[in-house]
Amino acid sequence: MLKVDYEACTGCKVCEKVCPFAAIIVVPETKKAKVLDTCTLCGTCVNACKFEALSIERRAISEEELAKFSGVFVWGEWEKKEDSNKIKRVVLELLGKGRELAEKLGETLSVILPGYNVEHLIPELFHHGADKVYLCDHVLLEQYTTDGYATTISSVIATEKPSIVLYGATPNGRDLAPRIAARLALGLTADCTGLDINESRQLLQTRPAFGGNIMASILSPYTRPQMSSVRPNVFSKSNPDSSRTGDIVRVNVNLNRITIRTKIVEEIVSQDDSINIEEAKVLVSAGKGIGDKENLKLIEELAQELNGTVSGSRALVDLGWIPHPQQVGQSGKTVAPTLYLALGISGAIQHLVGMSASDTIISINNDPEAAIFKVSDFGIVGNMFDIVPEFIKQLKEYKRVQTEKPG
Amino acid sequence: MKIVVLVKQVPEADKVAVDPETGTLIREGITSILNPYCEYALDEAVKLKNTHPEENIEIITISMGPPQTKMALLRCLELGADKAYLLSDRKFAGSDVWATSTALKEGVVNLEPEFDLILAGKQAIDGDTAQVPAEIAEQLGVPQITYGVKVQIVDKKVEVKREIETGYQIVSARMPALVTMSKGSNIRRIPSMKEVLNARKKPLEVLTADDIGIDENKVGLKASPTQVARIFAPPEKVGGEIIDGSDHIVAAKNLLEFLIVNNYIKE
């Protein structure tokens with residue numbers, strides 16, 4: 001609850017000016033601040049008030065209790081690829097960041113690895129920085145289920161008492177992490193783009209809010225572990241050191257079929273390679289500006305010439321022109337290819353947050369004011385339907401000349 | 001059969017911007033809408049109601065938010081919900097994921113304890129956390145299926161087509177259960193005049209924390225394990241070279257040169 005001390009308030013209106021939500025006003029009649037229903041208790045006004053007239057009641061922290069928790073943990077998510085299991089790339093990215101956090105805290109870095117016959121995945125985790133792996137091997141963990149995984153991981157957390165637990169914000173990560181957070185009554189900050197340790201040894205979790213228009217730094221001051229999820233491609237993968245090794249802790253998993261209340265009846269794996277846009281090196285991305293579904297053929301042709309993959313903005317998914325797994329942006333995937341071509345994409349903030357980490361961004365749009373140009377390394381204001389076919393023609397010609405060159 | 005649809009009212013996010021000098025939100029002309037994913041969830045509930053007349057389905061929507069959230073609930077009633085509840089109280093202010101899910105869970109337990117199915121959007125477009133529904137499912141002790149694109153009721157079980165990274169899964173669970181929707185077939189459907197008039201006759205109740213007996217120490221800022229330490233504008237990005245493409249042959253040539261120089265063309 002945000003409280004106004006009427007004795008101290010001078011009606012200077014600083015709070016009114018700084019409030020990001022227009023949730024505090026100075027009433028002209030009384031010349032005192034008044035808090036409105038839209039207040040989110042973000043504390044911006046409290047920091048800005050020079051007269052200490054504003055305060056937020058927050059609950060007390062027991063330092064002693066918090067100090068019992070130690071260690072940075074990462075959920076070791078794996079996936080089936082061509083009939084063998086593979087650690088997900090986001091886990092290796094989290095290990096890089098987790099290593100950094102663990103070293104700042106002077107604590108260890110561990111992986112919780114639930115699965116069935118997944119012991120062979122452990123060396124890679126050590127190579128990427130893990131000190132310890134909690135191996136939870138059980139036949140009922142052969143496939144991901146919310147109940148099976150939440151129960152297994154919650155019990156490891158409850159017994160081992162880590163100070164931080166990190167999850168990849170993959171579909172299953174987003175299914176699992178809140179389930180565990182609710183079970184243990186813990187805070188959870190989703191889709192962090194920055195993680196750091198502050199001077200009070202707390203995990204400082206930064207994430208975009210309002211579709212990326214503002215950034216918020218979030219703390220979990222009262223509860224441990226502090227839990228965050230991070231999208232793939234946000235942090236870079238750590239470099240493996242094949243000489244590194246660590247400890248394996250075999251966890252005694254207690255699960256029975258009755259406790260797993262969902263059943264996977266069927267799994268339909270899409271044969272389309274283009275679906276994996278997160279790992280593509282080159283993405284040719286289309287937006288509403290392509291005008292007609294037929295024009296996707298041009299996009300596909302360009303992608304093929306550049307050895308790239310087709311992706312698109314939310315508008316195209318809503319229209320049903322491209323499938324959701326190929327969507328880039330806040331409600332789709334975060335991508336970071338070496339080359340991103342944006343064709344007919346205006347650059348809504350929700351799209352930009354999903355692709356602005358790409359190495360090189362090229363855009364073609366007929367609107368010179370399009371926001372996409374602000375993040376582009378090279379932009380062309382013009383008609384893509386003239387420029388793209390001409391470009392393909394010139395590119396083919398260039399390739400032909402190159403191959404005909406002697407030597 | 002009772003289906004509870006949990007909804008949220010959100011600002012049209014792409015119209016929210018931060019003033020780079022003051023770091024405050026520019027709010028002019030921002031309208032609030034029913035979160036699109038919540039609308040998918042409601043549509044799915046209406047579809048189930050229409051395809052299963054034998055189940056005698058009743059659709060109840062519940063939301064938490066400031067008093068103006070009534071507008072989003074009214075839209076739900078226009079689109080086919082039978083009843084709507086709004087949990088609105090200053091005591092809920094500052095609620096994070098945990099405290100929000102606690103309030104909504106208490107709402108469900110107190111208002112519709114006999115629910116069979118809860119449908120929700122996979123995430124809200126303003127916060128994008130995608131975490132509240134799963135926390136509600138855990139707090140209610142029911143199974144969850146997230147990222148649904150189609151929901152069916154088969155032999156008292158709910159069967160969901162669920163999006164996964166490599167394609168789809170069909171997942172089933174006994175009811176009561178909670179399902180979140182990531183897609184639907186109806187986007188921003190315009191209700192008929194009859195539906196609009198009918199909606200105004202349907203019950204829409206605004207309730208406080210006391211009305212539903214929520215312990216005020218369990219909700220709001222004090223009950224929130226996460227706290228916002230700081231809000232700030234994202235760093236401004238500086239764009240690169242922008243050329244005029246009115247001559248498409250020159251533009252294509254420049255693009256090709258840019259790609260060659262930067263080593264993106266491989267034979």
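The values are calculated or read from the model by the stated rules, or taken from the named source; none is laboratory data. No experiment lies behind these values; they were computed from the predicted model shown. Counting neighbours? That spans all protein chains shown, and the Cβs are built from the backbone with ideal geometry, glycine included.
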**Asked** Which one is surrounded by the fewest Cβ atoms within 10 Å (Cβ to Cβ), of the residues in segment A:278-294 that are of a type in the set (Lys, Arg) and more than 22 Å from the chain's Cα centre (by Cα)?
**Response** A:Lys293
**Complete:** B:Leu74: passes all of (1) touching a helix residue (DSSP H, G or I) at 6+ places or on another chain (Cβ under 7 Å); (2) away from chain A (no Cβ under 12 Å); (3) crowded, with 21+ Cβ neighbours inside 10 Å but (3)
**Fill in**
A careful count of residues in segment A:306-321 that are touching a Phe, Trp or Tyr at 6+ places or on another chain (Cβ under 8 Å) and assigned to a loop (DSSP other than H, G, I, E, B) gives 1
**Asked** Of (1) surrounded by fewer than 23 Cβ atoms within 10 Å (Cβ to Cβ); (2) modelled with pLDDT of 90 or more; (3) not in a helix (DSSP H, G or I), A:Glu300 satisfies all except one. Which?
**Response** (3)
**Request:** Among the numbered conditions (1) out of contact with any strand residue (DSSP E or B) (no Cβ under 9 Å at 6 or more places or on another chain); (2) within 11 Å of another protein chain (Cβ to nearest Cβ), tell me where B:Val142 comes up short.
**Result:** (1)
**Item:** strands (runs of 3 or more DSSP E) fully within segment B:173-265 counting 2 or more residues that are in contact with a strand residue (DSSP E or B) (Cβ under 7 Å, 6 or more places away or on another chain), surrounded by 15 or more Cβ atoms within 10 Å (Cβ to Cβ) and more than 7 Å from chain A (Cβ to nearest Cβ)
**Value:** B:177-181, B:204-207
**Asked** Only one residue in B:Ile136, B:Ile118 is outside any loop (DSSP other than H, G, I, E, B) and within 9 Å of chain A (Cβ to nearest Cβ). Which one?
**Response** B:Ile136
**Item:** Selected residue [within 13 Å of chain A (Cβ to nearest Cβ), free of Cβ contacts under 8 Å to residues at least 12 places away in the same chain and closer than 30 Å to A:Thr38 by Cα] from B:Asp155, B:Asp128, B:Asp89, B:Asp96
**Value:** B:Asp128
**Message:** For segment A:144-218, give me every one of the strands (runs of 3 or more DSSP E) that falls completely inside it and has 1 or more residues that are more than 7 Å from chain B (Cβ to nearest Cβ) and surrounded by fewer than 24 Cβ atoms within 10 Å (Cβ to Cβ).
**Reply:** A:194-197, A:203-209
**Positions within segment A:342-380 being facing chain B (nearest Cβ under 7 Å), over 12 Å from B:Leu255 (Cα atoms) and in contact with a Ser or Thr (Cβ under 8 Å, 6 or more places away or on another chain), in sequence order** = A:Ala348, A:Gln350, A:Thr360, A:Phe373, A:Val375, A:Ser376
**Request:** Take segment B:84-114 and flag every residue that is of a type in the set (D, E, K, R), surrounded by 20 or more Cβ atoms within 10 Å (Cβ to Cβ) and not in a helix (DSSP H, G or I).
**Result:** B:Asp89, B:Asp96
**Asked** Looking at segment A:232-290, what strands (runs of 3 or more DSSP E) fall wholly within it and have at least 2 residues that are over 22 Å from A:Thr152 (Cβ atoms)?
**Response** A:262-269, A:282-286
**Request:** Mind listing whichever residues of segment A:77-104 are more than 16 Å from the chain's Cα centre (by Cα) and surrounded by 15 or more Cβ atoms within 10 Å (Cβ to Cβ)?
**Result:** A:Trp78, A:Glu79, A:Asn85, A:Ile87, A:Arg99, A:Glu100, A:Leu101, A:Ala102
**Item:** Answer residue from segment A:228-247, given it is out of contact with any Phe, Trp or Tyr (no Cβ under 7 Å at 6 or more places or on another chain) and within 10 Å of chain B (Cβ to nearest Cβ) and is modelled with the lowest pLDDT among those
**Value:** A:Pro232
**Request:** Go through (1) without any contact (Cβ under 8 Å) to a residue 24 or more places away in the chain; (2) of a type outside the set (Ser, Thr, Tyr); (3) surrounded by fewer than 16 Cβ atoms within 10 Å (Cβ to Cβ) and name the single condition A:Asn256 misses.
**Result:** (1)
